[in-house]
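*Asks:* Below is a structure I'd like to ask you about.
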Amino acid sequence: MQTIEQPIAPREDKLFDTTIHRRQTRAVKVGSVTIGGNNPVVVQSMINEDTLDIDGSVAGIRRLHEIGCEIVRVTVPSMAHARALAEIKQKLADTYQPVPLVADVHHNGMKIALEVAKHVDKVRINPGLYVFEKPKGDRTEYSQTEFEEIGAKIKETLEPLVISLRDQGKAMRIGVNHGSLAERMLFTYGDTPEGMVESALEFIRICESLDFKNLIISLKASRVPVMLSAYRLMVKKMDELGMSYPLHLGVTEAGDGEYGRIKSTAGIGTLLAEGIGDTIRVSLTEAPEKEIPVCYSILQALGLRKTMVEYVACPSCGRTLFNLEEVLHKVREATKHLTGLDIAVMGCIVNGPGEMADADYGYVGRQPGFISLYRGREEIRKVPEAEGVEQLIQLIKDDGKWVDP
């Protein structure tokens with residue numbers, strides 16, 4: 001997918017500044033993609049094929065990558081799944097192209113993680129599950145000694161993976177989930193954003209003690225207020241500690257349909273607008289390919305990536321001189337394959353030219369049966385409504401901005 005990438009503007013303390021000033025973070029390479037630094041926000045998703053299905057997994061990864069997913073995650077619940085990644089990676093290279101891959105490792109997965117680290121560009125671990133603590137039904141607290149003993153065990157099991165990734169120049173995502181905090185974190189901090197942040201910091205400190213900083217951090221929750229609080233607290237703590245790791249944003253288990261999209265946008269979009277976040281994944285209970293348009297729509301709406309036409313359209317009123325919904329649909333269908341343009345469809349001449357002033361092209365109701373076509377603020381021609389879409393396309397072609405679908 002062709003994109004026009006928006007550079008990060010320098011910070012300016014100006015009232016009414018409309019630029020999003022992204023938090024400066026470390027640049028972390030994941031295969032051919034770099035997360036953080038001055039790079040655009042990266043789009044991710046995850047295939048739902050069983051990784052043992054080599055052909056199915058390759059097809060799923062390719063489908064996602066072809067529509068703009070820049071990093072693809074797979075799950076590796078066993079050693080057999082981890083070894084299958086070698087075949088998947090090779091088949092992608094032979095039949096398509098290399099794609100940055102991330103492996104998800106859970107539940108005492110040190111051996112699995114060490115194997116899969118040979119074949120992928122990033123390993124994602126969940127601190128609440130990487131060293132599983134068997135709950136004790138009669139426990140009322142963790143002593144400091146018990147807390148530290150488990151911490152030492154975590155370091156012992158994590159160290160080989162950290163060294164492997166460090167020596168290969170690969171990356172790790174420390175992916176905390178609100179719903180799977182370790183028991184001792186729950187007893188110590190409660191089921192809170194603070195517990196999520198402390199869980200991440202424990203793993204970060206282990207990595208730093210081994211001189212490994214190719215880290216991406218996530219603190220996902222299924223409830224938007226918890227997710228927002230966790231990420232904001234993480235930024236505050238990292239700033240205090242002199243850390244600048246890039247953040248992977250997401251609302252986990254957002255569901256499906258309109259509400260799943262709104263919920264994801266509420267969480268991801270809010271943080272991005274605050275300058276927080278370097279890579280995103282929208283988690284929908286739908287085919288993974290449905291997640292990518294939502295990611296790009298969020299980024300486009302905030303002006304962080306421009307990957308499609310931006311359509312400006314009035315909501316319609318009594319002054320509207322044509323079927324606005326129908327015409328907008330026709331204009332969108334004719335031009336949706338283009339990149340980097342702003343096109344306005346406005347119902348009347350009263351407010352239309354002023355409200356669409358920032359658009360590259362405008363389609364405005366002039367009088368019954370006729371519309372005016374604009375280039376920026378300049379009215380170019382008046383044409384019969386029946387020829388409006390065709391003439392709009394011709395105007396774009398005249399300006400050399402048209403490409404065939």
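Computed from the coordinates by the stated procedures, all read-outs in this text should not be read as laboratory data. Only a predicted model underlies this, so the values are computations on that prediction, with no experimental measurement involved. Counting neighbours? That spans all protein chains shown, and the Cβs are built from the backbone with ideal geometry, glycine included.
*Asks:* Within a 10 angstrom radius of the beta carbon, how do Tyr130, Tyr142 rank from fewest other beta carbons to most?
*Replies:* Working: Tyr130 22, Tyr142 18.
The fewest-first ordering by Cβ neighbours comes to Tyr142, Tyr130.
*Asks:* Further question on the same structure: If I model a spin label as a point 7 Å beyond the Cα along the Cα-Cβ vector, how far apart are those points for Ala273 and Ala86 in nm?
*Replies:* Calculated label separation equals 4.9 nm.
*Asks:* Still on this model: Comparing Leu186, Leu324, Leu85, which has the greatest mean-square fluctuation in the GNM of the chain with Cα pairs linked when under 10 Å apart?
*Replies:* Among Leu186, Leu324, Leu85, the largest mean-square fluctuation in the Gaussian network model of the chain belongs to Leu324.
*Asks:* Answer rounded, prolate or oblate for the chain, using the Cα gyration tensor with square roots of eigenvalues a ≥ b ≥ c: rounded when a/c is under 1.5, else prolate when a/b is larger than b/c, else oblate. Each step should come with its number before you reach the end.
*Replies:* Values: a/c = 2.55, a/b = 1.97, b/c = 1.30.
Prolate is the answer for the chain, as a/c is 1.5 or above and a/b outweighs b/c.
*Asks:* Of Ala152, Ala82, Ala59, which is the most mobile in a GNM of the chain whose springs link Cα atoms less than 10 angstrom apart?
*Replies:* Result: Ala152 has the largest fluctuation of those listed.
*Asks:* Take the residue pairs Lys118/Lys213; Lys29/Lys91; Lys89/Lys401; Lys118/Lys290 and return only those whose Cα atoms are more than 26 Å apart. All intermediate terms of the calculation are to be shown ahead of the outcome.
*Replies:* Values: Lys118/Lys213 18 Å; Lys29/Lys91 22 Å; Lys89/Lys401 38 Å; Lys118/Lys290 30 Å.
From the list (Lys118/Lys213; Lys29/Lys91; Lys89/Lys401; Lys118/Lys290), the Cα-Cα distance tops 26 Å for Lys89/Lys401; Lys118/Lys290.
*Asks:* What is the stretch 310-398 by shape, rounded, prolate or oblate, if you read a ≥ b ≥ c off the alpha carbon gyration tensor as root eigenvalues and call it rounded for a/c under 1.5, prolate for a/b larger than b/c, and oblate otherwise? Kindly include the intermediate steps, with their values, before the conclusion.
*Replies:* Working: a/c = 1.31, a/b = 1.27, b/c = 1.03.
Rounded.
*Asks:* Please compute the modelled spin-label separation between Glu149 and Arg166, points set 7 Å along Cα→Cβ, answer in nm with one decimal.
*Replies:* 2.7 nm
*Asks:* Considering only Asp138, Asp50, Asp358, give the residue with the highest GNM mean-square fluctuation for the chain, with springs between Cα atoms whenever their separation is below 10 Å.
*Replies:* Fluctuation is largest for Asp138.
*Asks:* In a shell of Cβ-Cβ distance under 12 Å around Ala287, excluding Ala287 itself, what net charge do Lys and Arg (+1) and Asp and Glu (-1) give?
*Replies:* Value of the local net charge: -3.
*Asks:* What list do you get for Arg381, Arg22 if you sort them by fewest beta carbons within 10 Å? Could the numbers behind the result be given before it?
*Replies:* Values: Arg381 12, Arg22 22.
Starting with the residue having the fewest Cβ neighbours, the order is Arg381, Arg22.
*Asks:* Label the stretch 255-297 by shape, choosing from rounded, prolate and oblate, from the square roots a ≥ b ≥ c of the eigenvalues of the Cα gyration tensor; if a/c is under 1.5 it is rounded, and otherwise prolate applies when a/b is larger than b/c, oblate when it is not.
*Replies:* Details: a/c = 2.57, a/b = 1.67, b/c = 1.54.
Verdict is prolate for the stretch 255-297.
*Asks:* Sticking with this structure for a sec: Tell me, what HN-Hα J-couplings in whole Hz come from the Karplus equation 6.51 cos²θ - 1.76 cosθ + 1.60 at θ = phi - 60° for each residue of the stretch 395-405, using x for Gly and Pro?
*Replies:* Residue by residue, the stretch 395-405 yields 5, 5, 5, 4, 8, x, 10, 8, 10, 5, x Hz.
*Asks:* Can you give the helix-only mean residue ellipticity at 222 nm for the chain, where every DSSP H stretch with n ≥ 4 adds -39500 (n - 2.57) and the sum goes over all residues, rounded to the nearest 500 deg cm²/dmol? Intermediate results must be reported in sequence, preceding the final value.
*Replies:* Values: 13 runs with 163 residues, N = 405.
Taking each H run of at least 4 residues, the total per residue is -12500 deg cm²/dmol.
*Asks:* Follow-up question, since we're still on this one. What residues qualify as long-range amide H neighbours of Val30, i.e. H under 5 Å apart, gap of 5 or more or another chain, H built at 1.01 Å from N?
*Replies:* It is Ile35, by chain and number.
*Asks:* Count charges around Asp104 for me, please; just the other residues with Cβ under 14 Å from its Cβ, Lys/Arg as +1, Asp/Glu as -1.
*Replies:* Details: positive: Arg73, Lys122, Arg124, Arg173, Lys220, Arg281; negative: Glu49, Asp50, Glu115, Asp121.
The answer is +2.
*Asks:* Could you tell me the distance between the Cα centroids of the stretch 57-128 and the stretch 155-181, to the nearest Å?
*Replies:* Comparing the Cα centres of the stretch 57-128 and the stretch 155-181, I get a distance of 15 Å.
*Asks:* To continue, here is another question. How far is helix 54-66 tilted off the main Cα axis of the chain, in degrees rounded to 10, range 0 to 90?
*Replies:* It is inclined by approximately 40 degrees.
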